[in-house]
1. Compute the signed sum of charges (Lys and Arg +1, Asp and Glu -1) over the other residues within less than 9 Å, Cβ to Cβ, of LEU265.
2. Could you work out the relative contact order of the chain? I mean the mean sequence separation of Cα pairs under 8 Å and 6+ apart, divided by the number of residues, in percent.
3. Expressed as an acute angle from 0 to 90° and rounded to the nearest 10, what is the orientation of the C-alpha long axis of helix 362-371 relative to the principal long axis of the chain?
4. In nm, what is the difference between 0.36 nm times the number of residues separating THR82 and SER257 and their Cα-Cα distance?
5. Let me check I've understood the local charge: for TRP540, count other residues with C-beta under 14 angstrom from its C-beta, Lys and Arg +1, Asp and Glu -1. What total comes out?
6. Can you tell me the dipole magnitude for the chain around its Cα centre, using point charges on the Cβ only (Lys, Arg +1; Asp, Glu -1), in Debye to the nearest 20?
7. Once both axes come from the Cα atoms, what is the angle between helix 389-399 and the longest principal axis of the chain, in degrees from 0 to 90, rounded to 10?
8. How large is the dipole of region 9-258 about the Cα centre if only Lys and Arg carry +1 and Asp and Glu carry -1, each at its Cβ, rounded to the nearest 20 debye?
Amino acid sequence: MKAALTPALSVRNLHVATTGTNPTEILKGISFDVNPGEIVCLVGESGSGKSVTSLVAMDLLPKQEIRPTGGAVLLNGEDILTATPARTKALRGAEMAMVFQEPMTALNPVLRIGLQMEEVFLAHRKMTGPDRRQAVFEAFEAVQLPNPPRIYDSFPHQLSGGQRQRVMIAMALALKPRLLIADEPTTALDVTTQKQILTLIRQLQEENGTAVLFITHDMGVVVDIADRVCVMRNGEVMETGPVHELLAAPKTDYTRSLLAAIPSLTPPEPAGEERGDIVLEVSALSKEFRLGNPLARLIGKPDHVVKAVDEVSFCLRRGRTLGIVGESGSGKSTVARCVMRLEDPSSGAILLDGHDISTVQGGALMRARKRLQMVFQDPNRSLNPRIPILESLSEGPMNYGEDRTSIHARAAEVMEIVGLDPTGLLRYPHQFSGGQRQRIAIARALLMEPEIIVADEAVSALDVSVQAQVLDLLDQIRRERNLSMLFITHDLRVAAQICDEVMVMRNGRVVEMGPASEVLANPKHPYTAALIDAAPGRSWDFVAGQPVGIPVPS
């Protein structure tokens, strides 16, 4: 009889609470195991306790604010909760490692990648400088990074998002730890890069027998990578089991609601040929960026020219939503920033109700911007943390001469439109959840009474249930106010559910455009087909609760 494996990570009846006179319990006695060579996914909404669990395992909790109050966290049989800080520091990197969601916040922006990578070996191995450098090159090659010497000498901002995430994985796996914790490592990546990273993690895990605790809110990712799943809610494990068993027959209403919130890759049938007037027409839009430095120019070295947008043309009709999809670096966001005149186009025309705004300045530009409002990806960065929500909402209308009393009355109305209590206007951004902050960002745009909303990855960082709510809200507002919307996304499931038309971009150019029902169901360009094929969870039918291709019993 085969002996049972000793779990690489065993969490037993773990309780975590805030400190202070009135502590709040964050984790309420959770238990699960991660075995060697196994990938376990922790899933659940924001605030469910997923990331806190990972921080406890890595002994990275801010103990002055949050602390474990009971239970055990065993790494290879050794309890992390009773180990000394010196011991857990020694274990990090050597026996356990973590890949964070946003590599730009985990990497030092002023140090070259190679020096940061060498710190892993300096902390845990006695090696000469040349040996460390060679070990770094080998680690980069293991995660399939091209040209390791160039990566070694680069700064973080000189790498793409996917390359930065590969660097983080290389750092985490350099010493072949028994346990890898990955906290939302693919959330901000486009579908093709995401597929590459997921394939890489699975490949490295199989080669090294590493146990992986993978934290995500994307059930499509769960299908592609997990062996087992733990569903969490409000600090408790609601259910756990092998991935296909749990997805096929979820035991709790909460899990069923998570699965029901996953947007389908199949667009709904068009409501009809409702063709409004053209409100925005972009013609032969191009944007070039010149990269160089003054010293190089003095010796006659030419600037490096990057054509981020190349002869892009499209029309947006009143009351319609046009989705712009493509990989990172395809030019999606640059198009949006040019339309908003946050970037000056190099050439081309941007016609707003027939008037070209591509070169206007001063008062004319200010009048145009009132009709165009933008909702950014991260409300944490677009809302001022130091002022109440009411002041953030009021700033725009006040710049256009509206009196404060009128603005405050309308702000309360708009808060109700986006599903928030107007009494929250005097609170600060940090006192709201991520989904609520994004609703506030939408409210700020609506308060300007725009004709067009430009949403740039406005739901990519939200968990599936909150994402579904925000998408429904945007679509409802568009219909009720007859707004037009330019919706930039890398998530084809989201594009399928909210967009009337889809424009696919690659390397600054449009490769395919048409009704969403045609482009996503029958792509004509190989690149569009590749994007659709890379969408996570393509192998599972979430409606039928079974693998794709199996007939649903009548």
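1. Surrounding charge for LEU265 is +2.
2. Reported as a whole number, the value is 16 percent.
3. 70 degrees
4. Gain on stretching THR82 to SER257: 59.2 nm.
5. Around TRP540, the charge tally is -2.
6. 1340 debye
7. Taking Cα atoms only, the helix is inclined about 30 degrees.
8. 540 debye
Taken together, the values in this text are just the output of simple stated rules run on the coordinates, not laboratory data. This one's a predicted model, so the numbers in the text were calculated from it and none came from an experiment. FYI the Cβ positions are ideal-geometry reconstructions off the backbone, even for glycines, and counts take in every protein chain you see.
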